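Below: the structure, in structure tokens.
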Amino acid sequence: MKASQIGFNPDYSDDAPTLEQVRQQSGDALLEFGASWCGYCQGARPAVQQALADHPSLPHIKVADGKGRPLGRAFAVKLWPTLILLRDGQEVARLVRPSAADQVRQLLAS
């Protein structure tokens with residue numbers, strides 16, 4: 001798993017971690033589900049980037065999602081981008097289609 005992408009990660013990865021790998025993650029991490037061609041994802045990028053600037057050591061795992069992608073289905077992702085804050089591999093909060101850095105900051109403060 002490339003979960004050690006620290007700080008803002010600009011690209012969605014097709015090399016998604018498995019659910020088991022996510023569950024084994026220790027500490028906090030941010031999962032972001034989306035697609036590079038998604039307009040909502042492109043629009044949210046500056047807000048996510050600004051908020052993550054305050055958390056440079058937080059792993060940011062961008063997962064390319066789509067039909068049949070098991071990790072997105074395991075987290076019941078319906079819309080992109082979906083950001084999921086993990087603590088020790090467990091979901092503690094989520095944010096769908098953020099439009100402002102303050103929304104992402106509130107998620108990260110959870």
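Quick note: the coordinates plus some simple rules give every number you see, no bench work behind them. Predicted, not measured: the structure shown is a model, and the values here were computed from it. Backbone-built Cβ (ideal geometry, glycine too); neighbour counts: all protein chains shown.
Residue exposure proxy: ASP14, ASP54, ordered by other Cβ atoms within 10 angstrom of their Cβ from fewest to most, comes out as ASP14, ASP54.
Sorted fewest first by neighbouring Cβ atoms within 10 angstrom, THR18, THR82 come out as THR18, THR82. Between ILE61 and LEU30, LEU31, GLU32, the built amide H atoms are under 5 Å apart, and every one of these is 5 or more places off in sequence or on another chain. Here the range 4-50 is treated as a sphere whose radius is the Kirkwood value from Cα pairs; by Stokes-Einstein at 20 °C and 1.002 mPa s it diffuses with a coefficient of 177 µm²/s. Projected over every direction and averaged, the convex hull enclosing the alpha-carbon atoms of the range 1-94 yields 5.3 nm². At an R0 of 25 angstrom, the distance between the Cβ atoms of ALA35 and ARG105 translates into a FRET efficiency of 0.55. Computed on the chain, with alpha-carbon pairs under 8 angstrom and 6+ residues apart, the relative contact order is 36 percent.
The antiparallel fraction among DSSP beta bridges confined to the chain stands at about 70%. Looking at ALA109, LEU58, ILE84, which one has the Cα that reaches farthest to the positive end of the dipole of the chain (charges on Cβ: Lys, Arg +1; Asp, Glu -1)? Towards the positive end, the residue furthest out is ILE84.
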